[in-house]
Structure formats: structure tokens, C-alpha cells
Amino acid sequence: MQDQFGRGIEYLRISVTDRCNFRCQYCMPLEGLPWLPKDEILRYEEIVAIVQQLAPLGLRRLRITGGEPTIRPALATLVGMLRAVDGIEDIALSTNGVKLPAMAEELAAAGLDRVNISADSLRPDRVAAIARRSLDFDLVRAATAAQDAGLGPIKINVVVMRGINDDEIADFAALTVDHPWHVRFIELMPVGELRDLTWEHVVPSAEVLDRVRALGALAPDAGPARGNGPAVYHRLPGAAGTIGVITPMTHTYCAQCNRVRLTADGRLRTCLFGDHEVALRDALRRGEPLAPLFTKALAEKPKEHALLQMQVGGLRALSQVGG
Ligand code: SAM
Ligand code: SF4
């Protein structure tokens, strides 16, 4: 599978729900969003049918995301069904980690390979302020549960916001000294309806790395062996894990983009931003072949996103597009 610019597409991010148990300031309004009705959401069998049609075309890696994927009932059943598809080599999960201590073992047993955990603070009061729900989330507990279940290499995603959590950059980086965890600092993207967050809250990754250097010299690093995406990695002296930066706001990595996304209601999106998507669900439900729709979607995959030119609030929240 190649797009019009010759980029090989082997990675699909699957959103299994648009709903979430958190309300992160940068992602979802407190009152929630207009949720998709249940019958518009792909059933697990339908998700698997799409993956089965994409695998022979070169799809190799999957990520289950949302919304918050762990709140969809029987998620381990989907993992097991995807694991059985020929050609799929790697299945990862993106989660806010709240339910990981309870679910990690079951997900690993079903065939999940690894997890990314989103965490924007190590302080309980601040987690509650940023996620606007107190669900007793504790990053170290969640990451340890995932690690004990064999769901590594464990990546931890931190959205850095000036004046909100940027004073914890060094604390997050310090976790990588003793733990084999890969902490990735993400530049805040002004998408969705960020009523209280603006460009002033964006901390460029170059500044993040400067602040990490207070802990020690940073050496460039290849990063975790599996699932390399847009992050660029470094390592503190003698550290067990690495520190990555993801720079949607200050650099574009679109030339290496190897991914497409499936929304919870069955649209194939070829770029996180913009309106490049092709609806698959109704054709699938009518029993029509999907290959012509895949071809159309890839022919329209844009060369790069235009995030920097867009206005605050002019884009859909990441929870709606399977961020
Ligand atoms: N609920 C899961 C989670 O939080 O990991 C999966 C979905 S969430 C939309 C995926 C990732 O998008 C998270 O790491 C989250 O921090 C990130 N994200 C959401 N909105 C963002 C924004 N405005 N800027 C930067 N990252 C964002
Ligand atoms: Fe939920 Fe993830 Fe969005 Fe936070 S970032 S509101 S956890 S979907």
C-alpha cells in the first residue's frame, strides 16, 4: 500500500469509541461532545473485517485508541480477534491508564503487545485539574502494572502546557533513569475547542530538552525498539529508559508518515488534521469490497498537515479522530 507520494502505509490507528472517562483540558470540553449513537459505531466484527481486507495490502501494525478505548466493553475480545488476523505483527494500545491496573493482564493474555500511557502530571491534585475527573490515576502504578503484564516497551505521553505542568518536565524525565520507560513530551496542539488553552501554552520541544539537560547530558538514542513514529529520542547518562519529543507545532514529520486512521464510525482518515477521509462503514454493511475505497483514500492522503496555518478551535478534537 502506497500513497500518492510513495509513502508505504503499514500502520492503522483504530478508534474504538469517541467517549472518555476523562475530560482533558486540551481534548474534550467538560460537558463532553455530541457522542456517536451506538449503531453508528463499528462493531468489533466490522473492525476486524476492515483489518482483514487491509492486511493483504501491507497493513502490519495496529494501535487501538479513542476516546478512551478501555471503557468500551470487552476490549480484550477485540484484541484477540485482531491478533488472529494473518499479517498483523504488532498491536498496541493508547490509554489514559486509569483502568490499566485492572486490565493489563487480561489484555496481554488476549495478545496485546504494548501500551502507550498518557499522563500529564505525577501529582494527584493536578491530574484531577487537567483531566477534570479524579479517577485515582497514578502513572507509576499504571506503568508498573503494564510492565509486569509484559506490555513493553512502555511509552508515556506527556502533553506539555506552559504554566500548567511544565514545572514537572524534570520529574517525568527522571522516571527514565530507573525505569525502562520511554517518556515522550508532546507539543500541545491548539485543536478542538480549547477554551482556556492557546498558543501561549505551547512549549516548544527544544525548550523541553533544554530543561531536561539540567538532569544531565543528553545523548541521541534510537529509542524503543518497536513502533517508531514521529518521536526523536535521547537518553540521560546510564538511564534505563529514553526521553522523546514529538513536535507537531515546531517541525513537520509528514514526509515519513506511514499511517492512516479508522474513526469509531468507520471513516478512514489519511491525516490527523483536515477533512481527508473516506466512509467505509455503509459499504461494508452492504457487503461491498473496500479495496476501491482504500485506493481512493490513499490517493487523497495529503503531503503534510497545515496545523501551523490553522486557527485555534478550527479543528476537531483528537478524541473524535482517533488521535
Ligand atoms: N484516551 C487515550 C489517551 O489519552 O491516551 C487515547 C486517545 S488520546 C486523543 C491520544 C493522545 O492524544 C493522548 O496522548 C493525548 O494526550 C493526545 N492529545 C489529545 N489532544 C491533544 C492536543 N490538543 N495536543 C496534543 N496532544 C493531544
Ligand atoms: Fe480522554 Fe485521551 Fe482525550 Fe484525555 S486525551 S480526554 S484521556 S481521549
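Just so it is clear, none of the values below were taken in a lab; they were calculated from the coordinates. Everything quoted here is computed from the prediction, not taken from an experiment. Virtual Cβ from ideal backbone geometry, glycine too; neighbours counted across all protein chains shown.
Points to keep in mind about this one:
- Extension gain from Arg43 to Ala129, taking 0.36 nm per residue of separation minus the Cα-Cα distance: 27.6 nm
- MRE, 222 nm, helices only [DSSP H, n ≥ 4, -39500 (n - 2.57), over the chain, to nearest 500]: -7500 deg cm²/dmol
- Hull shadow area, averaged, the chain [alpha-carbon convex hull, nm²]: 15.1 nm²
- Gaussian network model of the chain, Cα within-10 Å springs - most flexible of Ala143, Ala108, Ala222: Ala222
- Footprinting exposure proxy ranking of Lys99, Lys38, Lys155, Lys296, fewest other C-beta atoms within 10 angstrom first, gives Lys38, Lys296, Lys99, Lys155.
- A Gaussian network model of the chain, with springs between Cα atoms under 10 Å, assigns the largest mean-square fluctuation among Cys254, Cys271, Cys20 to Cys254.
- Under 5 Å between amide hydrogens, built in the peptide plane, is the criterion, and for Ile154 it picks out His182 among residues at least 5 positions away or on other chains.
- Database note for the chain: Cys without another Cys beta carbon under 4.7 angstrom, Cys20, Cys254, Cys257, Cys271.
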